[in-house]
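Engineer: Handing you a structure now.
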Amino acid sequence: MELHHEHSTSSIEMLLPRRSAYVLTAEARYQWAHVVPKEPSFGGREIQKTRRLSILLRDHAAVEAALPASPATPDGSTVDSPPTSTGAG
């Protein structure tokens with residue numbers, strides 16, 4: 001895996017052993033881009049690429065804050081909520 005700093009020419013090459021996990025937080029998450037090259041190498045040596053599983057977890061509140069507001073429908077409800085009953089049934 002390679003990390004590239006967004007505001008400089010700095011980069012880091014990392015060898016991740018099979019079945020390893022990593023967590024990007026703080027500066028590593030927001031100021032560094034990560035990439036797994038199509039033809040990976042480490043220290044000038046080619047690395048055999050096998051299956052990769054990627055799991056991404058995000059804070060639900062942060063995701064909701066980034067989404068646009070749901071549009072209202074003619075009855076006043078939003079796409080995310082059912083219409084409310086206003087009359088006798």
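Engineer: Restricting to region 32-55, count the residues that are acidic (Asp, Glu) and either surrounded by 10 or more Cβ atoms within 10 Å (Cβ to Cβ) or in a loop (DSSP other than H, G, I, E, B) (or both).
Structural biologist: Residues that pass the stated criteria total 1.
Engineer: For Arg58, state whether it is surrounded by fewer than 10 Cβ atoms within 10 Å (Cβ to Cβ), modelled with pLDDT of 80 or more and either out of contact with any helix residue (DSSP H, G or I) (no Cβ under 7 Å at 6 or more places or on another chain) or not in a loop (DSSP other than H, G, I, E, B) (or both). Don't jump to the end; show me each part of the working.
Structural biologist: Numbers: surrounded by fewer than 10 Cβ atoms within 10 Å (Cβ to Cβ): yes; modelled with pLDDT of 80 or more: no; either out of contact with any helix residue (DSSP H, G or I) (no Cβ under 7 Å at 6 or more places or on another chain) or not in a loop (DSSP other than H, G, I, E, B) (or both): yes.
No; evaluated as a whole, the condition is false for this residue.
Engineer: Turning to a different aspect of this structure: Quick one: what pairs do we get from region 20-42, first residue free of Cβ contacts under 8 Å to residues at least 40 places away in the same chain, second outside any loop (DSSP other than H, G, I, E, B) and of a type in the set (A, V, I, L, M, F, W, C), C-beta under 6 Å, 6+ apart or different chains?
Structural biologist: Trp32/Leu3; His34/Leu3
Engineer: Shifting gears a bit: Could you say whether any residue in region 62-70 is over 19 Å from the mean Cα position of the chain (by Cα), at negative phi, surrounded by 10 or more Cβ atoms within 10 Å (Cβ to Cβ) and modelled with pLDDT under 65? Steps first, please.
Structural biologist: Here is the first cut: in region 62-70, the ones over 19 Å from the mean Cα position of the chain (by Cα) are 69-70.
If we keep only those that are at negative phi as well, we get 69-70.
Now narrow it down to the ones that are surrounded by 10 or more Cβ atoms within 10 Å (Cβ to Cβ): 70.
Now drop any that are not modelled with pLDDT under 65, which leaves 70.
Checked against the condition, which is being over 19 Å from the mean Cα position of the chain (by Cα), at negative phi, surrounded by 10 or more Cβ atoms within 10 Å (Cβ to Cβ) and modelled with pLDDT under 65, region 62-70 yields at least one hit.
The values are calculated or read from the model by the stated rules, or taken from the named source; none is laboratory data. What you are looking at is a predicted structure, and each value in this text was computed from that prediction instead of being measured. In this analysis, Cβ positions are derived from the backbone assuming ideal geometry, glycine residues included, and neighbour counts consider all displayed protein chains.
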